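A.B. asks: What follows is a single structure, and I will ask about it in a moment.
Every number here is computed from the coordinates shown, using simple stated rules; none is lab data. Remember, predicted model here, so these are calculated numbers, not experimental data. Please note: Cβ atoms are built from the backbone with ideal geometry, for glycine as well, and neighbour counts cover all protein chains shown.
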Amino acid sequence: MKPATLSEAEMDAISDWSESSQQLVRELLGKYPDKRSAVMPLLYVSMIENGYVTAEGMKSVAVLTGLTGAQVQSVASFYSMYKREELGKYLVSVCTSISCFLLGADDVLAAIEDETGVPDGETGHDGTFTVEHVECNGACGGAPVVLVNYEMVEGVTAEKARELVKWLRDGGPDVVGTEEMQQLFGGAKSFDWAVREPEGAVLPVPAFAPYGSARGVK
Amino acid sequence: MKILTERMEAHRTDSHTIERYEATGGYSALRKGFEIGPEAVTAEVKASNIRGRGGANFPAGVKWGFLAPARPAYLVINADESEPGTFKDRQLLERDPHQLVEGVVLSSYALGVNHAFIYIRGEYPKPARRVQHAVDEAYAKGYLGKDILGSGFDLDVTVHLGGGAYICGEESALLNSLEGRRGEPRIKPPFPAVEGLYSKPTIVNNVETISNVPWIVSNGGIAYASIGPDTSAGTRLISLSGHINKPGNYEIVMGMTWRDLIYDIGGGIPGGRELKAWIPGGSSAPWFVPAEHLDTPATIDDVNDLGSMMGSGAVIVMDETTDVVAAAHRIVRFYSHESCGQCTPCREGTTWLERIFNRLLNGQGRMADIDLLIDVSDGISPGLTWPPAMTTICPLGPSATAPVVSIMKYFRDEVEARVVSGIPVALEAADG
Ligand SMILES: Cc1cc2nc3c(=O)[nH]c(=O)nc-3n(C[C@H](O)[C@H](O)[C@H](O)COP(=O)(O)O)c2cc1C
Ligand code: SF4
Ligand code: FES
């Protein structure tokens, strides 16, 4: 699948994006038979550029996909991961669906709210944390489950959750990795992970290489 | 008998690499497929009797048979895995991604598809990284791309990440999402096999379903069909979670009893506590209770006959300490949050149910709320049968009624006690 060639208008729409994001845009548009399909990955790229989904970002995505701004907005507002407000450096998501609930997820959420001083659904004043409860994360065998910038930790207790928050606040790691967090703060796992995971997230955007936010962790 | 997890168990640390995959027979099914031809591959899948592992348990070979002749056609792998209790696809994606990729190539070849998509839920970056890496390796080795292994067959695979929405697991919502739209289910017919992605014929299959295809082609559909009971052929991955000593994914041959599954495989209930109830097939399924169901067999049809479903293979176990009102609320809240809002009974009904539960949990419940829970549920799913009568575009709305009906059927006294005292029965018992 060859990267797409961008028209002048399309290049104009993302002229202030980084070169690596511009290259991602070409590659993403080349992956689909219809460029409209790239709207979701492109929204992630716009979040990498702007920190969250901004009006400007949606306009750029509209130009790239041949949609109207209203159409892009209607897509963005449908999904929970396209955040419409500035986020903290760490997006801490606590699963409170049934299996995690049965094993104490509400206590984990309460501990995280208390330790960060940030209530569920909000971002702290200093911009370090956004805290949210989320629905099932597909790790119910390792309940309760917490994600930091979508990197997963399984088998978290309320105490370990507090330690995780302190570690993030005091250490301020630029890259958070699922492997490191699991070793430090995790417990039971849904299944044997078996392999060291070398990659982690640098932003509250899923760290998936085609969107450019994955980085190596030490 | 292990099919899906054999490699990852035998080769713990490198089952996800192409080197290990090739060294353990990987991509030899593909060579065989190219030798026997697309019709023969389809025939093997039909003969296997494998039923889809995404939730609806529909026979894969039959679905493939519905694919309309127009081209291009597409294959879309459903890796949206979001049904509470379910975490099996994540293991397959992370630990044996090439098994899926080989299944995708074989299935695409059989179906006459030249572009396949793997739609992975947005909260799964690690599985997505592993799958993308496997896809890149497969391109580099000539298992994807142009003229695969000199067969003349071309296939591109796009790995797509979702944006966080349970409803995108429903296949027509998934296709809308993949087209860059809101993930709202489509009115059927037309079914995706006739008008799917970009209005072209499309097959949507679950990760686990397609991960079985290499084994089926290598060993023959008849060999697969001979594993387990006739109408629940093959092995399947069961995700065990909740109050259970050994949570995890277990590849089992269907047909064992729930007692075997919960007590032998799952190691029983922590602290030797009593089993109170379990959900046999993901949070959408009506609950089972020990007095009635513990010695019944865990097969697709037995569970259907008893008014529930094996769904996505997720078993959620609740012990005697469980506050069933709070548990049912938690499941109802999920559906209320995830309703896409297109159908009034689902949008309004799930919100209403959630509100009534909130009252009950806050100690502000009224006796009339108990009938109201039933009335509202009946408004979403008239008759409250299972499988549900459908007044909505998709089964999400009716799914929200399963926990309500279940607690009314088996634990009505606890719900009533909740209204009277405002205190969960499980807590009262603990306080003596
Ligand atoms: C609300 C809802 C959610 C669903 N979620 C999933 C899912 O996460 N994964 C999945 O494979 N199938 C899911 N399904 C089932 C799909 O619609 C579809 O039947 C399935 O992907 C087909 O694959 P299979 O035949 O191989 O099982 C869901 C269905 C509904 C109604
Ligand atoms: S039943 Fe609910 S989720 Fe399904 S289409 Fe209707 S409103 Fe959307
Ligand atoms: S219920 Fe929390 S990960 Fe599934």
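A.B. asks: How about B:Lys32: which aspartates and glutamates have a C-alpha closer than 13 Å to its C-alpha, ignoring those fewer than 8 places off in the same chain?
C.D. replies: B:Glu44, B:Glu102
A.B. asks: To continue, here is another question. For the protein assembly as shown, just run the numbers: alpha carbon Rg, then divide by 2.2 N^0.38 Å, N being how many residues it has. The partial results should precede the final answer.
C.D. replies: Values: Rg = 23.8 Å, N = 650, 2.2 N^0.38 = 25.8 Å.
Expressed relative to 2.2 N^0.38 Å, the Cα Rg reads 0.92.
A.B. asks: Among bridges DSSP assigns within segment B:6-225, what percent are antiparallel (round to 5)?
C.D. replies: Antiparallel: roughly 10 percent of the beta bridges in segment B:6-225.
A.B. asks: Take peptides B:53-63, A:143-153, B:224-234 and line them up by average Cβ neighbours within 10 Å, highest first, as a rough protection proxy.
C.D. replies: Details: B:53-63: 20.2, A:143-153: 27.8, B:224-234: 18.4.
Ranked from most to least packed, the peptides come out as A:143-153, B:53-63, B:224-234.
A.B. asks: Using mean Cβ contacts within 10 Å as the protection proxy, how do B:176-185, A:170-179 order, highest first?
C.D. replies: For the peptides B:176-185, A:170-179, the packing ranking is B:176-185, A:170-179.
A.B. asks: Taking the mean number of other Cβ atoms within 10 Å as a proxy for protection, how do you rank B:381-387, A:99-105 from highest to lowest? The partial results should precede the final answer.
C.D. replies: Numbers: B:381-387: 15.9, A:99-105: 25.7.
Going from most to least packed, we get A:99-105, B:381-387.
A.B. asks: Now for a different question. Take every residue in peptide B:114-123, count the Cβ atoms of other chains within 10 Å of its Cβ, and give the average of those counts.
C.D. replies: 4
A.B. asks: Can you give the helix-only mean residue ellipticity at 222 nm for the protein assembly as shown, where every DSSP H stretch with n ≥ 4 adds -39500 (n - 2.57) and the sum goes over all residues, rounded to the nearest 500 deg cm²/dmol?
C.D. replies: -12000 deg cm²/dmol
A.B. asks: Which aspartates and glutamates have a Cα less than 15 Å from the Cα of B:Lys200, not counting those fewer than 8 places away in the same chain?
C.D. replies: The qualifying aspartates and glutamates are A:Asp34, B:Glu171, B:Glu179.
A.B. asks: On to the next question. With a 10 Å Cβ neighbour count serving as the proxy for reagent exposure, in which order, fewest first, do B:Glu83, B:Glu414 appear?
C.D. replies: By the 10 Å Cβ count, ascending: B:Glu414, B:Glu83.
A.B. asks: Using a Förster distance of 35 Å, how high is the FRET efficiency between B:Asp301 and B:Asn114, based on the Cβ-Cβ distance and rounded to 0.05?
C.D. replies: About 0.45, to the nearest 0.05.
A.B. asks: Hey, quick one: spin label on B:Phe66, modelled 7 Å out along Cα-Cβ, who in segment B:341-361 has an amide N within reach, i.e. under 12 Å?
C.D. replies: Inside the label zone: nothing.
A.B. asks: What does the average come to when, for each residue of peptide B:243-254, you count the partner chain Cβ atoms lying within 10 Å of its Cβ?
C.D. replies: Mean inter-chain Cβ contacts per residue within 10 Å come to 3.
A.B. asks: In what order do A:Asp114, B:Asp80 fall by count of nearby beta-carbon atoms within 10 Å, going from fewest to most? Don't skip to the end; give the middle numbers.
C.D. replies: On the way: A:Asp114 14, B:Asp80 28.
Ranked by crowding around the Cβ, least crowded first: A:Asp114, B:Asp80.
A.B. asks: Another one. Lysine pairs in segment A:74-218 with Cα distance under 23 Å, only those 8 or more apart or on different chains: how many are there? Provide the component values of the computation, followed by the final result.
C.D. replies: Values: A:Lys89/A:Lys160; A:Lys89/A:Lys166; A:Lys89/A:Lys218; A:Lys160/A:Lys189; A:Lys160/A:Lys218; A:Lys166/A:Lys189; A:Lys166/A:Lys218; A:Lys189/A:Lys218.
So the count of such lysine pairs works out to 8.
A.B. asks: Return the FRET efficiency for the residue pair A:Asp174, B:Asp147: r is the Cβ-Cβ distance, R0 is 51 Å, and the value is rounded to the nearest 0.05.
C.D. replies: For R0 = 51 Å, the calculated efficiency reads 0.70.
A.B. asks: Let me ask something else about it. Give the calculated FRET efficiency between B:Arg273 and A:Ala110 to the nearest 0.05, with a Förster radius of 25 Å applied to their Cβ-Cβ distance.
C.D. replies: Using R0 = 25 Å, I get an efficiency of 0.55.
A.B. asks: For labels at A:Ala9 and B:Asp413 in the simple 7 Å Cα→Cβ model, what's the distance in nm?
C.D. replies: In this crude label model, A:Ala9 to B:Asp413 measures out at 7.1 nm.
A.B. asks: Please work out, to two decimal places, the log10 of the ratio I(q)/I(0) at q = 0.10, 0.12, 0.17, 0.18 Å⁻¹ from a Debye calculation in which every Cα of segment A:90-216 carries one identical scatterer.
C.D. replies: The Cα Debye sum returns log10 ratios of -0.26, -0.39, -0.80, -0.91.
A.B. asks: Follow-up. Provide the percentage of antiparallel DSSP beta bridges, counting only those with both residues in the protein assembly as shown; round to the nearest 5.
C.D. replies: Once the DSSP bridges in the protein assembly as shown are tallied, antiparallel ones form about 50 percent.
A.B. asks: Beyond a 31 Å Cα-Cα separation, which of these cross-linked pairs lie in this structure: B:Lys88/B:Lys141; A:Lys35/B:Lys2; A:Lys31/B:Lys141; A:Lys31/B:Lys188; A:Lys31/B:Lys126? Write down the numbers at each step before the final one.
C.D. replies: Working: B:Lys88/B:Lys141 28 Å; A:Lys35/B:Lys2 41 Å; A:Lys31/B:Lys141 19 Å; A:Lys31/B:Lys188 28 Å; A:Lys31/B:Lys126 20 Å.
Those over the limit are A:Lys35/B:Lys2.
A.B. asks: Using only the Cα atoms, what convex hull volume per residue in Å³ does chain A have? All intermediate terms of the calculation are to be shown ahead of the outcome.
C.D. replies: On the way: hull volume 28.4 nm³, N = 218.
Here the figure is 130 Å³ per residue.
A.B. asks: Arranged by the count of other C-beta atoms within 10 angstrom, fewest first, what order do B:Ile370, B:Ile118, B:Ile77, B:Ile3 take?
C.D. replies: The most exposed by this proxy come first: B:Ile370, B:Ile3, B:Ile118, B:Ile77.
A.B. asks: What does the structure give for B:13-26 when I average, per residue, the other chain Cβ atoms found within 10 Å of the residue Cβ?
C.D. replies: 1
A.B. asks: Something else: Whole percent per 5 Å bin, from 0 to the bin with the longest distance: what is P(r) over all C-alpha pairs of segment A:8-78?
C.D. replies: 3, 19, 34, 28, 14, 2, 0
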